[in-house]
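Quick notes on the structure that follows.
The values are calculated or read from the model by the stated rules, or taken from the named source; none is laboratory data. As the structure is a computational prediction, the values presented were derived from the model and not from experiment. Positions of Cβ are backbone-derived with ideal geometry, glycine not excepted, and every protein chain shown enters the neighbour counts. Accessible surface areas use protein heavy atoms only, side chains included; no ligands, DNA or RNA. Shrake-Rupley method; radii C 1.70, N 1.55, O 1.52, S 1.80 Å.
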Amino acid sequence: LNSKRPAESLHIKVGESLPSESTEPQTETAELETESAEPQTDAAELQNQSKEPHTETAEGDPKADFVTTKTLRRVIEELLRGRSLEKLTFGAFLSELTDALKLDAGDLADRRSEVKVILHKVTRKELQRQLVEHVKKKRNDASTAEVPVFSKVETAQVLLVYVVTFATPTDAEARRRLESFSRADLCTMMRTSLETAQAGRAEEHRAVVEKCTIFLERGSGAAGHHAHVAIKVTQPTRWKPWNDAIFQACGLVANFSSCIKGGYHNAVRYGFVPRPGKALEDLDPEPFTYPDSHPPLAEAMHRNFNSDAWADETLAQTQSRLSRGKSAPRFGPTDLWPVLVKLNLRPEDPAYEAQLFQYAKQSGGAPMIDYLVRNHDTLKGLGQKLWLLQEAENHVIQAKKSRLKFLLEATERSCVCAGRWGRAARQNLEANEISEEVFTKAIYDALQHGRAKGHTIALLGVGGNEGKTFLLSPMKDIYPPGTVIGSPSPSAFPLLELCKSRVAIWDDWRFDAAIIPIALQLQLFEGLAVTVNRPQNQFSGHEIWQGSTPFFLTGRLDDLMMVKAGVSCTDLTMLRKRLKVFEFKRSQTNPDITIPRCASCFAKMVLRKGNPRNMRFITPDLQEQAPGEVVVDYF
Ligand SMILES: [Zn+2]
């Protein structure tokens, strides 16, 4: 029995199969390589190994002993070839092997360890073979998947996008004629022919070439060249009259075809992207594009995506894969995009996940259900990303829009307070002996210049309840959701929100070091760059933030004077230098809490008196920008 020990110390590692014996599946790949490097040692090893069990089982079943090690190995190889090795268990395989060798059950019982050793070697070989095959197949799929499919157009078809091919003419004279055309000549000829073809139509019904790309390709054997034209017209156009006009103009035969999936990008791909049977060097190295504003072809080859297009592509991909006998593509994170848009479902919705589950059960299919269950914990974050994707253009516009532009736009909104907000705000300022002009100018300057020394505005009270927050809150409706940030909360990442902010309103701010060290506050309020710590499971690295977000603080006046832990007298002096303080001494005994915050009235108030030149609304100095802010054309 001693001789069995070395055999047992060998492990068969086949992923999750034979779980009791698989110890270190992660070393599989490395082992595979070394394994394949020295296959010749296998046989020698096998013979050594096989001797021991043989001597041991001398008393065993004579029938099984007739099966040589070589035969065992060959049969095992045959049995394993091409099958899914993850589902393999040793017991089941042994009985399968017994059957294959036409032995009786239990005949191989005494040669288990020998079979294990062989299986061990063969499985690794087979795994590697399957891996190589899998990779080969993947590469193949990738090269064939993207080929656009074209078909000849019916005479009745009226399309926006065509692929027009000028094949190499067989007739020598016509061939020379085609040779004489440059890419630009072909482009001009296509455009004038289109004009000619529509000569009888009313001007407003005439289509023109919106964009096109001309590819000249040299066929094999230098038999002259041929041309492909990817072309998009401004309105659906019949191709037959156009085709006739081309022939009349130059005597060349054009073949119009349509891209089955449609889209100018697919037409461009046809001439721009290599594919099986069309190597890169066979493609036109310098295609001609029209008009001058035509995007580079590397961009033009991609379709313009929206959530519908994404759903279409996914469907087309699924159909194409299924028709080729392949499995449907997996449900991926972006496949949720069309669903969220269709349901108009945002991650802030309290029933966000539930609604997704409901949709998946009703019409999402098994892959979506499985995806949602597996990724339940990260669906919210994914939803935010997908909505950013959906509204990217909007975000770009808003990010480029200046704070004053938002303020100006707010004046055009309708008043929601029937003038009550403005009245109450003025009364408040008056009661506290604060000049409306000085106050609104400070806000105007802060919004225009962003955070800078002296532009951080602090509304500080004596007894509390002076309506300070009331004066600032309409800004929350003026700037896009999520860009007006509130006081940082105690956490490991108190400043995380700064990175996406346009305005910061820190209500009831304490001038202490509890949440943010005073040194950091000084940097923030002065306009210096600060390091914003970010959770490293969501971001990589920390951000150096140098945004221009102005700060509006409300708090207590005595707090700004009080030395406390982490805040020295010098700190307080430096803080005060950075702040523009407005003192509120009059507590409101019975504030009217029914007055809604009104973006329109706030904006009008700030722009009327706060505007330094005291001009109404539209003034040239609205266009002045603080350095670092993106300048946009206003009017
Ligand atoms: Zn109002």
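Values computed for the structure shown
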read-out	value
ARG420 vs. criteria within 16 Å of the ligand (Cβ to nearest atom), open to solvent by 20 Å² or more (accessible area, probe 1.4 Å) and within 30 Å of LEU345 (Cβ to Cβ)	no
Filter result (in contact with a strand residue (DSSP E or B) (Cβ under 9 Å, 6 or more places away or on another chain) and not in a helix (DSSP H, G or I)) within segment 464-493	GLY464, GLU466, GLY467, SER473, TYR479, THR483, VAL484, ILE485, GLY486, SER487, PRO488, PHE493
Residues satisfying the stated conditions in segment 235-264, i.e. within 31 Å of the chain's Cα centre (by Cα) and surrounded by fewer than 22 Cβ atoms within 10 Å (Cβ to Cβ)	SER258, ILE260, LYS261, GLY262, GLY263
Search result, residues across segment 569-602 that are closer than 30 Å to ARG423 by Cβ, outside any loop (DSSP other than H, G, I, E, B), in contact with a Gly (Cβ under 9 Å, 6 or more places away or on another chain) and more than 16 Å from the ligand (Cβ to nearest atom)	LEU579, LYS580, GLU583, PHE584
Positions within segment 553-566 being in a strand (DSSP E or B) and modelled with pLDDT under 90, in sequence order	LYS564
Strands (runs of 3 or more DSSP E) contained in segment 145-242 and holding at least 2 residues modelled with pLDDT under 90 and either over 26 Å from GLY263 (Cβ atoms) or polar (S, T, N, Q) (or both)	225-238
Filter pass, GLU412 being more than 15 Å from the ligand (Cβ to nearest atom), open to solvent by 20 Å² or more (accessible area, probe 1.4 Å) and at negative phi	no
Unmet requirement for GLU299, which otherwise passes all of (1) closer than 20 Å to LEU160 by Cα; (2) open to solvent by less than 30 Å² (accessible area, probe 1.4 Å)	(2)
Extreme residue, farthest from the ligand (Cβ to nearest atom), among residues of segment 603-615 that are open to solvent by 20 Å² or more (accessible area, probe 1.4 Å) and at pLDDT 80 or above	ARG608
Answer from PHE331, PHE305 - the residue that is outside any helix (DSSP H, G or I) and either open to solvent by 70 Å² or more (accessible area, probe 1.4 Å) or acidic (Asp, Glu) (or both)	PHE305
Residue within segment 539-552 that is within 16 Å of the ligand (Cβ to nearest atom), under 25 Å from ILE478 (Cβ atoms) and assigned to a loop (DSSP other than H, G, I, E, B) present	no
Residue ID - nearest to the chain's Cα centre (by Cα), chosen from residues in segment 269-296 that are surrounded by fewer than 10 Cβ atoms within 10 Å (Cβ to Cβ) and in a loop (DSSP other than H, G, I, E, B)	PRO296
Given (1) part of a helix (DSSP H, G or I); (2) at pLDDT below 85; (3) not basic (Lys, Arg), number of the condition GLN248 does not satisfy	(2)
Pairs, first within 18 Å of VAL462 (Cβ to Cβ) in segment 562-581, second of a type in the set (A, V, I, L, M, F, W, C) and open to solvent by 50 Å² or more (accessible area, probe 1.4 Å), C-beta under 8 Å, six or more apart	LEU572/MET561; LEU572/MET562; LEU572/VAL563
Scan of segment 73-111 for residues that are charged (D, E, K, R), in contact with a Leu (Cβ under 9 Å, 6 or more places away or on another chain) and within 30 Å of VAL132 (Cβ to Cβ), ordered by number	ARG73, GLU96
Single residue of segment 482-534 satisfying the filter (among the aromatic types (Phe, Trp, Tyr) and at pLDDT 90 or above) that is surrounded by the fewest Cβ atoms within 10 Å (Cβ to Cβ)	TRP506
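Okay, residues lined up against (1) in contact (Cβ under 8 Å) with a residue 24 or more places away in the chain; (2) surrounded by 14 or more Cβ atoms within 10 Å (Cβ to Cβ); (3) in the same structural domain as TYR479 (by TED's automatic domain parsing):
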| site | (1), (2), (3) |
| --- | --- |
| LEU315 | no, no, no |
| ASP335 | yes, yes, no |
| LEU345 | yes, yes, no |
| GLN355 | no, yes, no |
| MET368 | yes, yes, no |
| GLY383 | yes, yes, no |
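Listed here are the residues, each with its yes/no results for (1) more than 28 Å from SER600 (Cα to Cα); (2) open to solvent by less than 30 Å² (accessible area, probe 1.4 Å); (3) away from the ligand (no atom under 16 Å from the Cβ); (4) of a type in the set (Gly, Ala, Ser).
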| site | (1), (2), (3), (4) |
| --- | --- |
| LYS361 | yes, no, yes, no |
| GLU393 | no, no, yes, no |
| LYS401 | no, no, yes, no |
| VAL416 | no, no, no, no |
